[in-house]
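Have a look at the structure below before the remarks.
The values are calculated or read from the model by the stated rules, or taken from the named source; none is laboratory data. All figures in this text were calculated on a predicted structure; none of them were measured in a lab. Reconstructed Cβ throughout: ideal geometry from the backbone, glycine too, with neighbour counts over all protein chains shown. Surface areas here come from the heavy atoms of the whole protein model, side chains and all, with no ligands, DNA or RNA. Shrake-Rupley method; radii C 1.70, N 1.55, O 1.52, S 1.80 Å.
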Amino acid sequence: MEKKTNHLTSKILAFLLMACSTIGELAAQTIRMQGKVVDEKNAPLAGVSVRDTVNRTGVTTDLDGHFSIMTNSGSTLTFSLIGYLSQNHKVNGRQHLTITLKEDISALDEVVVIGYGTMKKSSVTAAVSKLENKNLDQIPLARPEAALQGRLAGVNVSQTRSAPGSAPLIRIRGGSGSIDAGNSPLVVVDGFPGGSFANVNMNDVESIEVLKDASSAAIYGSRGAGGVIIITTKRGKTGKPVLNINANGGVSTAMGHDDWLDKDEYYAYAVRYQNREFNYVGGDTSIPVWGDNRRPPQYQVSDALRNNANTNWQDALLSPAPFQNYDLSVSGGTENVKYYASAIIKDVQGTLKNTWFKSYGARANVDVKVNDRVNMGLMLNPNYTRNRLSPHAMIDLVKYPPFVPVQNPDGSYPKARDYWGLVVSGQTNPMAFMEGSFYFDDAMTTIGEMYASIDLAKGLKIKSSIGTTISYSSSDRFRSTWGSTNGISIGTASDSRTINLLNENVLSYNKDFNNHHFDAILGASYQRATSRSSAMGAVPGSFNNDIIHTLNNAIIDPAQTRTSKTEWGLVSYFSRVHYAYKDKYLLSASMRTDASSRFGPNNKWGWFPSASLAWRVSQEEFMKSLSAISDLKLRASYGSTGNFNIGNFDYLGQIGNTYYSPNNELSNAQVQTTLGNPSLSWEKTQEYDFGIDLGLWANRLNLTVDYYQKTTSNLLYNVSIPAITGFTSWLTNIGKIRNQGIELELTSRNFQGGSFSWSTSFNLAHNKNKVIDLGGLSERLYTDRFGMSWLLRLGEPMFSYYGYQAIGVLQNQEEVANTPVLSGSKPGNPKYQDVNGDGRINPEDRVILGSYMPKTILGLVNDFSWKILISALPFKLHWVLRSITSRTNITKAMS
C-alpha cells in the first residue's frame, strides 16, 4: 500500500512540474502586441505611453494612435497620457488591443485660492494664475520670489540689488500706476494680508496664486491695486509621519564688466586729460608730465601710475559666492489631528567681499477636528535673520585707480593720494572700506495665528481667526579709523519693534440645487499695527579705539539720538457671491469697504466693487464633436482697488525737532514739518479684463490670453508748492496713470512616463504705461544725485529718462568754438544734439531717452524630472533639472 502511495505521489509531482514548466514557457513566450488607443469619442490619441511593467520596456503611440511593443504573454501593459486616467491590461496571450482612455476631469477641478476661500479652476471668472510647488522646492534659490521668474505672464520679478538676502522687485501688470504710494503687490500668507516672502520657506509652500486683475484683487480693497500674491503653506494629512529632508545649494556670480582700464591705459588717459587741462589754461604740453617744475603740480601725472601695481578692483572685491539651504519637515496625523512642522537654515554669501546673509526659521501648522461641527487650528512661524552689508555702493568701489595695490606688505591699506598727491581722489582704499566697516542688520519676526470654524448648518459655516506679526529689528554700524576716508571712526545703533494684530470673521454659504450652484461670503476684518523705534549715534572720532564697536566706547551725540512711536488701523467689511448654471454660465461679484487711519476725516472710507462673468463654451452641446478641445472659456471682468501705502497720519500737519538760539543759547524746539490735508483720500485703480482659457487634447496644451486696461486716478502725489508757504511739497490726490496690455501663457505637458516627465511653459506680456493727467500741468521733472533726470509728461511712460542726446565727443578747441555746446565744455567732453536748432545747448534741448519699464517680457521654462528608486534605501531620490529662465526686457532704444 505504501509503494502504491509513493508511486501516486511521484506521478502528481511530475504532473505539477510539467504544468509549471508549461506555464513558465507561456509566460516567457515573447510576442508582438499591436493595437490602437482612442478617446471616448473614438478619436486616436497620439503620445500615449505604453509600458511593460514586467520587462520595464515602453513605447508611445503614433499620430494615428497605433502602437507596437514586444512583450510576454504574462505581462501587464500600462497605458497613460496626461489628462487621461491610466489603465492596466494583462496580455494573456493576446496580440491585439484597442484601448479607450477616459478623460481625467480632476485637472479642471483643480482648486484655486482666490482670497477668503477657494474655487474650482474651471469656475474662476477672473485673471488668476496658479503656481503649484511640485518641484520648486528642489530648485536652489537664494530667495523664494525667484521661483516666480519667467513662469507667469505679467509678473515681472527683477533683482535690483546685489546684496545677499535682498528682496527682488515684483511688478504685476506694471504695478499699481502710483507715483509716490508704491507699486508692489500685496502678499497674503495663509490668509494673513501684509505678509512677506522674507518669512517664507519655499519647502513649506503648497501653492502660489497671483490675482492679477482688479476683479479678483478687489476682495482686498484698499491694498489690491498692485495685484495680490497668495501663498498657501502645506498642512498635515492623515497617515503615518512623513519625513522630508532637502538640502540644496548653488553659486552666484556677479555680472561684472570686462573692459576696466589697466594701469597703462589709466596712465595714458591721465596724461591726455592733464595735457588738455594744461593746454586749456595756455600751458605748454611739451613739458614733461612729471618732475619738471615748469608744469604746475595740478597738471602733472606721477610716474607711479605706470610703475606701481595693476589692480582690477572688480576682481579684487568680487568672487563667486556659494549659497546653501537645509530644510527638514515632518507631517502626518489622524482623522482628528493633523500636523506639519519644519525648520530651515539658509546661508547666502555675497559676491562682494565681507557681505553675507544668514536665516533660521521654523513653522508649525496644526489642524484639529474637535467634533463634526467644530474645527480649530494653529500656525506659528518664527524667523531670525542676520545680514552683513556693504558700506558703499559698487560704483564707489570698482572705479578706484588701478595703480593702487590692494594692501601693503605691512598689512596697511594704501590710498591713491599716497602716489599722486591731491590731484587724485581722496577716497580710501576700497578693501579698507570693506575690511574696516562693520554694518550688521538683525531681525526677529514671529507670525502666529489661531482659528476656529463652526458648521452652523448644511453649507453654512463661520470662521474666526486672530493673528499677529511681531517684529524686532536692529541695525549696528561701525567704521574704524583705518576704514574711513578722513581717518575718523563713526558708529550708530538703532532698534525698532512692530506689533501687527489682525482679526477676521467670515461667514460662508454654498448650495447646489438642480443645475445651479451658489456660494457667498460675508466678512469683517480689523487690523491695527503699532511701531516704536529708537536710534543714537556717537560723536564722530570719539571712539577710544577700533576694538570695541559699541557706543559705550564713545561719546553719544544728542543730535543723533531720537525715539518715535506710530500706529495705523484698518477696518473692513466685505462680501462676495458666485453663481453657476450647469457649470458653464458663471457670474461673480464682490464689494469691500475700508476705513483707514491714514486718511482725513472727510475721506476715511473707500468702496471697492467688482464683477466678472464667464462662459464655458466647451460645455455646450455644439462643442462635443470637437474632441481636440477639452476646455474653452471666455471671461470678462471689472474691478476697483485702492492704495493706502503712505505715511501714518500724513493728512495731519506733522511735528519735528529743530534747534534755535535765543540769547545765543542753543535750544531744542518743535516745529511743523509738513502741510496737512484733511481731504486726503484713496488712490483708486479701475481695471477691465477680457480673457480666453483654452485647453487642447485633454489639457495637454493650455493657452491663456488676457487683454487688460487699468487706470489709476486720485494719485497720492507730493506736489511742489511755493516755498513762501513755509513748505516745499504737499501730499494730495491729483493725476491719472494708465496701464494697458496683453498677456499670453502657454503650457505644454510634453511627456510624462513612469519615471520621466517634461513640461514647458512659455509666457509673453506686453504692457504700455502712459501718463494721462498731472493736475493741469503738462510735465513734472525729477533729478537725482547722479544728474540723470526723470520726467512725468502727458502721453509718455511715467518716469521716462530725460536728458541731452549725446552725438559724439568734442575733439578740439576749434570744434568747441564752432559747435553748440553746454556752457564750460572743453575738448573731450560729450557733444550734444541741438534739438531746437537755436545754436545753443540749454535745457530746451533735453529729450526723452527711454524708459525703465520693459515693453515686452518673455519667459521660457523647461522642467525635466527623473525619479530614481534606490531599493537599498527607504526613500526616493527625485532629481529635477530646470532650464535657465530667459527673460527679455525690450525697452525703448536710446538712440
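Counting only alpha carbon atoms, the long axis of helix 2-28 and the longest principal axis of the chain meet at about 40°.
Its relative contact order, with pairs defined as Cα atoms under 8 Å and 6+ residues apart, puts region 267-346 at 19 percent.
Mean sequence separation of contacting Cα pairs (under 8 Å, at least six apart), scaled by the length of the chain, corresponds to a relative contact order of 9 percent.
Could you tell me which of the pairs LYS120/LYS604; LYS121/LYS346; LYS565/LYS604 are separated by over 25 angstrom between their Cα atoms in the structure shown? Pairs exceeding the cut-off: LYS120/LYS604; LYS121/LYS346. Per atom type, region 536-693 shows carbon and sulfur on 58% of its accessible surface, probed at 1.4 Å. Its Cα gyration tensor gives region 700-741 an equivalent ellipsoid, and the semi-axes of that ellipsoid, as √(5λ) in whole Å with the largest first, are 41, 8, 6. Each other residue within a Cβ distance under 10 Å of ASN515 adds +1 if Lys or Arg and -1 if Asp or Glu, for a net charge of 0. Using a cut-off of 19 Å between alpha-carbon atoms, which lysines can reach LYS855, once sequence neighbours fewer than 8 places away in the same chain are excluded? Once the sequence-local lysines are set aside, what remains near LYS855 is LYS212, LYS710, LYS768, LYS770, LYS892. ASN408 to ALA595: FRET efficiency via 1/(1 + (r/R0)^6), r the Cβ-Cβ distance, R0 51 Å, to the nearest 0.05? About 0.20, to the nearest 0.05. For region 42-192, the solvent-accessible area of protein heavy atoms averages 40 Å² per residue (probe radius 1.4 Å; ligands and nucleic acids excluded).
By how many degrees, 0 to 90 and rounded to 10, does the Cα axis of helix 263-280 deviate from the longest principal axis of the chain? Compared with the principal axis, the helix lies near 40 degrees. Along its three principal directions, the equivalent ellipsoid of region 614-709 from the Cα gyration tensor extends over semi-axes of 63, 14, 7 Å, largest first. Each helix, a run of at least 4 DSSP H residues, gives -39500 (n - 2.57); summed and divided by the residues of the chain, these come to -2500 deg cm²/dmol at 222 nm.
Dipole check for the chain: with +1 at the C-beta of Lys and Arg, -1 at the C-beta of Asp and Glu, and the Cα centre as origin, the magnitude is about 2240 Debye. The alpha carbon convex hull volume per residue for region 527-593 rounds to 183 Å³.
Name the shape class, rounded, prolate or oblate, that the alpha-carbon gyration tensor gives for region 407-488, where a ≥ b ≥ c are the square roots of its eigenvalues, rounded holds for a/c under 1.5, and otherwise prolate holds if a/b is larger than b/c and oblate otherwise. Prolate shape, in that a/c is at least 1.5 and a/b is the bigger ratio. When the alpha-carbon atoms of region 284-361 are used, the pair Rg, Dmax equals 29.5, 95 angstrom.
The residues neighbouring PHE599, those whose beta-carbon lies less than 11 Å from its own, together hold a net charge of -1 under the Lys/Arg +1, Asp/Glu -1 convention. Using the empirical formula 2.2 N^0.38 Å as the baseline, the Cα radius of gyration of region 264-328 reaches a ratio of 1.92.
The lysines whose alpha-carbon is closer than 21 Å to the alpha-carbon of LYS353, local same-chain residues fewer than 8 away aside, are LYS399, LYS415.
For the set LYS461/LYS584; LYS463/LYS511; LYS130/LYS458; LYS240/LYS358, the pairs lying more than 22 angstrom apart at their alpha carbons are LYS461/LYS584; LYS130/LYS458; LYS240/LYS358.
How much of the pair distance distribution for region 529-680 lies past 25 Å, counting alpha-carbon pairs only, in percent?
Values: 7289 of 11476 pairs.
Beyond 25 Å sits 64 percent of the P(r) for region 529-680.
LYS582: which aspartates and glutamates have alpha carbons under 16 Å from its alpha carbon, excluding same-chain residues fewer than 8 sequence positions away? Cross-link targets: ASP109, ASP512, ASP519, GLU620, GLU621, ASP631. Looking at the square roots a ≥ b ≥ c of the eigenvalues of the Cα gyration tensor of region 721-833, which shape do they give, rounded for a/c under 1.5, prolate if a/b is larger than b/c, or oblate? Oblate. Two numbers describe the Cα atoms of the chain: Rg and Dmax, which are 34.6, 139 Å. Per the Debye formula with a single identical scatterer at each Cα and no solvent contribution, what log10 I(q)/I(0) holds for region 208-323 at q = 0.15, 0.24 Å⁻¹? Ignoring solvent entirely, the Cα scatterers give -0.90, -1.21. Charges were assigned to the Cβ only: +1 to each Lys and Arg, -1 to each Asp and Glu. The resulting dipole of region 41-197 about its Cα centre is roughly 120 debye.
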